[in-house]
Amino acid sequence: MLKTINILLEKKWFPLSFRFITLAAFLGLVIIGFSSPTNDPFFVQQLSKTNLTTSFVWRLWWPAIILTSIFFGRVWCMVCPVEMITTFFAKIGLKLKRPKWILSGWVVILFYMIVLIGGVTILSIDRNPKYTSYYLLSIVGISILSGLIFEKNTFCRSICPFGYILSIFSKMAIWGWRVKKRAVCDSCHDKSCIASEYTYNLNYKSCGVDLVPAEMDNNNYCLLCAGCLKTCKTYQTGTNPLRPNPGIVKTGFADDLMKINPLSAVEWIFLFLLSGSLIFEIAEFQLMSRLSIPSLSENFSTYLSINEGFGKDLIAAAYLFFVLPAILWILPYLVILSARIRISFNTYLKTISLIFLPVITAYYTGLAVMEIGTRFPYYKYIIHDITGVETIKSILFKQIEEPLLPQWTDWSFFIFLLLALIIGIIISFEVIRKLLLKFRIGKNERILYILPFIFILILFAGVFLYTSF
Ligand code: SF4
Ligand code: SF4
């Protein structure tokens, strides 16, 4: 199968033609989002279930690209139209050198925080077709702006938070972009894959995200665009039958993770925010709200004297993205300390916390399947009514039944989530085994094996606390 994909990647039309298709789909979704009515907040919220833009972007595309990244890495980036857009504008733009603060990755964190706190939590952009369209356009706008100002592909390399999320999950992937024979690159004179003259080509392009294919050993930044594969083959000075050398190779499940490379500070902060987002997304499910403790809600609000409105949204966001994740990440460290294991907080955050990545991935796998599954019954109506206006009116006036899944499916999704978590725990155990080989912890080292369970329990507790907020 990989051989076929690599042959396909040599073709002129692949993946370029898919980028044009996704660009057309993207524009279509923006137009549909903008053509939806937004006067009545209650109606808009209901409409989000039957509108193609909100349903597709948040309940199909987003969970699907998370799922694919877990198994296959950043395959979404392969067909994402934004890479093409930002590279085009970089070609005609100022091509300024990128300052260190852009390359550092902190801009990604800032962008992600704005999307999470301002967009999803306060403005609920995922429940408003028009806001979703604004959001999609803002991504394109920033990619154009960064393209016009900076050299190469700055947006995909250092600004796009989705790429960053996918790069974290792609540590679990079964394959990666590598060169097949290092010796071929060692004796290569043209180095077409990194030659600056090809950086701004539409298709046969050298790497725009600063990667050197011959040195690649992880899935972090590669967009799987196949540009280096095409330049390696086409612009070679001689004729080496072993070229193109770069391509997709099988690395083995979670190979990147099992290397136990420490997380960078930016990666860890991203995981921290991601855990808050995870609590938020799990709490959205009906089953969780049914299981929550209703009386806590009143108690919290009364105790904190929080009224409705912006202030409450802001406090809820702080609670969700800072307080709960802080508890989630600090408590396991306290357990380690209580077992008299001497590990600095820095080592814990950057290396020991890799234990939690399979568990977070398992949560997201379950969540993605739940997201896609619960919206499935609506698609038969969305196909005929893409704005969803007539469908939701019919539902509200009881002319048609709301197309809900039977209640037992809630429990099926929950069981699926638990199964995913069991697999996550097994992978965590393997990470712990590797960690124990790397760090000679000695006495009490077995305590590390209970950390994934503690993490899972705190996460569930966080969900109940949040739904009761
Ligand atoms: S990937 Fe191709 S172009 Fe790049 S160094 Fe290796 S052989 Fe040369
Ligand atoms: S390494 Fe190759 S496939 Fe990966 S982003 Fe760079 S040019 Fe594209």
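The values are calculated or read from the model by the stated rules, or taken from the named source; none is laboratory data. All values reported here derive from a predicted model rather than from experimental measurement. We place every Cβ from the backbone using ideal geometry, glycine too, and count neighbours over all the protein chains shown.
Brief remarks follow.
- Residue match in the stretch 108-125 (condition: part of a loop (DSSP other than H, G, I, E, B), over 28 Å from Asn203 (Cα atoms) and not charged (D, E, K, R)): yes
- Odd one out for Phe155 among (1) surrounded by fewer than 17 Cβ atoms within 10 Å (Cβ to Cβ); (2) within 15 Å of ligand 2 (Cβ to nearest atom); (3) not aliphatic (A, V, I, L, M): (1)
- Residue within the stretch 111-132 that is closer than 17 Å to Phe280 by Cβ, within 20 Å of the chain's Cα centre (by Cα) and among the basic types (Lys, Arg) present: yes
- When residues in the stretch 237-264 are screened for being surrounded by 19 or more Cβ atoms within 10 Å (Cβ to Cβ) and either near ligand 1 (Cβ under 8 Å from one of its atoms) or modelled with pLDDT under 95 (or both), 4 of them pass.
- Criterion violated by Gly227 - all others in (1) under 17 Å from Pro81 (Cβ atoms); (2) away from ligand 2 (no atom under 12 Å from the Cβ) satisfied: (2)
- Unmet requirement for Cys222, which otherwise passes all of (1) touching a Gly at 6+ places or on another chain (Cβ under 7 Å); (2) under 26 Å from Ile65 (Cα atoms): (1)
- For Phe455, the requirement of being buried (at least 16 other Cβ atoms within 10 Å of the Cβ) and either of a type outside the set (Asp, Glu) or at pLDDT below 95 (or both) is met.
The rows are residues; the columns are (1) farther than 20 Å from Ile330 by Cβ; (2) assigned to a helix (DSSP H, G or I); (3) in contact (Cβ under 8 Å) with a residue 60 or more places away in the chain.
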| site | (1), (2), (3) |
| --- | --- |
| Thr409 | yes, yes, no |
| Ser412 | yes, yes, no |
| Phe416 | yes, yes, no |
| Ala420 | yes, yes, no |
| Ile425 | yes, yes, yes |
| Glu430 | yes, yes, yes |
| Arg433 | yes, yes, no |
| Ile450 | no, yes, yes |
| Phe453 | no, yes, no |
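- Residues that are touching a residue at least 24 places away in the same chain (Cβ under 8 Å) and not in a loop (DSSP other than H, G, I, E, B), drawn from the stretch 197-246: Tyr198, Pro213, Ala214, Gly227, Cys228, Leu229, Lys230, Thr231, Cys232, Lys233, Thr234, Pro246
- Which listed residue is touching a Pro at 6+ places or on another chain (Cβ under 8 Å), within 30 Å of Ile70 (Cα to Cα) and within 7 Å of ligand 2 (Cβ to nearest atom), from Cys193, Cys232: Cys193
- Pair list, Cβ under 9 Å, 6 or more apart: the stretch 18-34 residue assigned to a helix (DSSP H, G or I), other residue acidic (Asp, Glu): Arg19/Glu83
- Residue check, Thr199 within 11 Å of ligand 2 (Cβ to nearest atom), more than 26 Å from Ile65 (Cα to Cα) and among the hydroxyl-bearing types (Ser, Thr, Tyr): yes
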